[in-house]
Amino acid sequence: MSLKLTSITKIYGTQKAVNTISFSVEKGEIVGFLGPNGAGKSTTMKIIAGYIKPTEGEVLVDGIDVIKTPKEAQKRIGYLPEHNPLYLDMYVREYLKFQASIYKIDLTKIAEVIDKVGLINEAHKKINQLSKGYRQRVGLAAAILHDPEVLILDEPTTGLDPNQLVEIRELIKELGKNKTVLLSTHIMQEVEAVCDRVLLINKGEVIIDKPLKELKTSKEQIIKVTFDYKLEEQFIKRLPNILSFKNTTENNWILTFESEQDMRPVIFDFAQENGLKILGLNTENKNLESLFHELTKS
Ligand code: ADP
Ligand code: MG
């Protein structure tokens, strides 16, 4: 196991930004860390990278405790922060040398990394002369200089044009072949293009943790129901084949079933048997995009 989070919680003042998140990532996996703005992605990633401490919980990178021994763990982690902080006045090669010296990395490594991220023709330029896509490459280069096992990339493609987007995604895929990658994004297509697994979070909690393949081919049905009465969870749990449920507003529920059979008539019967009325009922088109919207809408 390359990366393992156990019950990570982060409270800022009175706000729970991350609420008992647990997951693990195996070596060679690229996991899409998906969620709307404010879901807690960056907070979780900063905790993994050892930049902030969680209120509770444990993070292990290659078995090493990030919270107790951050320096030791950071040797194994490459972190690209959300707003890739670069020294804009520095030349690309100079910046990477500077980074290499901080982390006591062999200077010969720099040429290798410059080549790997496709920066050969830009290495003599100042960072502020580079396009956003190339700046991201510099950020990635800095993150992989010390050849870390685990890469934590916080929205690496935000703000890129379509061509740059494709190039950076290819680069991440390439890096992911022999590293463990956790990649945050709020773009669904990105996950479909790059990732093996989806980890969807909302309001600091994991909602889905599944291989992409399973998510696409599952027999899951998502049905939105409005009853005329506010029901208890206990009651909803009695529905046959129910996998998960979410009470979005007072009388509205998003129900997920696993069944070959169309669950809508079953819900109707269930309502009738219990003296309830159904005010609305919709089946959601089961693609990643709609799943994301439904599960993360407040
Ligand atoms: P995401 O990266 O998914 O957009 P963040 O982890 O940045 O989400 O934020 C999660 C929540 O925590 C948000 O509501 C945000 O406003 C809050 N938050 C993040 N950083 C801080 C901080 N330093 N102080 C207080 N609240 C914060
Ligand atoms: Mg963020």
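The values are calculated or read from the model by the stated rules, or taken from the named source; none is laboratory data. On a predicted model such as this, the values are computed, not experimentally measured, just so you know. No Cβ is skipped: glycine too gets one built from the backbone with ideal geometry, and neighbour counts run over all protein chains shown. Protein only, heavy atoms only, side chains kept; ligands, DNA and RNA dropped before computing areas. Shrake-Rupley method; radii C 1.70, N 1.55, O 1.52, S 1.80 Å.
What does the charge dipole of the stretch 3-214 about its Cα centre add up to, to the nearest 20 debye, if the Cβ of each Lys and Arg holds +1 and the Cβ of each Asp and Glu holds -1?
Details: 29 positive and 28 negative charges, 87 e Å.
Rounded to the nearest 20 debye, it is 420 debye.
Restricting the calculation to Cα atoms, the stretch 220-296 shows an Rg/Rh of 0.93 when the hydrodynamic-style radius is the Kirkwood one. Under 5 Å between amide hydrogens, built in the peptide plane, is the criterion, and for residue 35 it picks out 185, 201 among residues at least 5 positions away or on other chains. Expressed as a whole percent, the accessible surface of the stretch 220-296 that belongs to carbon and sulfur atoms is 45, based on a 1.4 Å probe. Net charge in the neighbourhood of residue 232 (other residues with Cβ under 13 Å of its Cβ; Lys, Arg +1, Asp, Glu -1) is +1.
Accessible area per residue for the chain is 49 Å², calculated with a 1.4 Å probe on protein heavy atoms, without ligands, DNA or RNA.
Using 30 Å as the Cα-Cα cut-off, could you pick out the over-long pairs in 27/68; 16/126; 116/297; 53/125?
Where the Cα-Cα span goes over 30 Å, the pairs concerned are 16/126; 116/297; 53/125.
Among 144, 168, 278, the largest mean-square fluctuation in a Gaussian network model of the chain (Cα springs under 10 Å) belongs to 278. Considering only 174, 155, 29, the mean-square fluctuation computed in a Gaussian network model of the chain, springs between alpha carbons under 10 angstrom, is largest for 174.
With θ taken as phi - 60° and the Karplus curve 6.51 cos²θ - 1.76 cosθ + 1.60 applied, the whole-hertz 3J(HN,Hα) list for the stretch 108-113 is 5, 5, 4, 4, 4, 5 Hz, x standing for glycine and proline. Residue by residue, the stretch 191-205 carries 3J(HN,Hα) couplings of 4, 5, 7, 10, 9, 8, 9, 10, 10, 9, 10, 8, 6, x, 10 Hz when phi is fed to the Karplus relation 6.51 cos²θ - 1.76 cosθ + 1.60 (θ = phi - 60°); x denotes Gly or Pro. Hydrodynamic radius of the chain by the Kirkwood approach over all distinct alpha-carbon pairs: 21.0 Å. On a C-alpha basis, how far is the centre of the stretch 231-279 from the centre of the stretch 147-178 in Å? Whole number, if you could? Result: 40 Å between the Cα centres. Distances between placed amide hydrogens fall under 5 Å for residue 79 paired with 152, all partners being 5 or more residues away or on another chain. Converting phi to 3J(HN,Hα) with the Karplus coefficients 6.51, -1.76 and 1.60 and the offset θ = phi - 60°, the stretch 252-268 yields 9, 10, 10, 10, 10, 10, 10, 6, 6, 7, 5, 7, 4, x, 5, 5, 4 Hz in sequence order, with x at every glycine or proline. When the chain is treated as a GNM with alpha-carbon contacts under 10 Å, the residue of 103, 79, 95 showing the greatest mean-square fluctuation is 103.
For residue 54, what charge total do you get from the other residues with a beta carbon under 14 Å from its beta carbon, if Lys and Arg give +1 and Asp and Glu give -1?
Numbers: positive: 4, 10, 16, 46, 53, 68; negative: 56, 58, 65.
For residues surrounding residue 54, the net value is +3.
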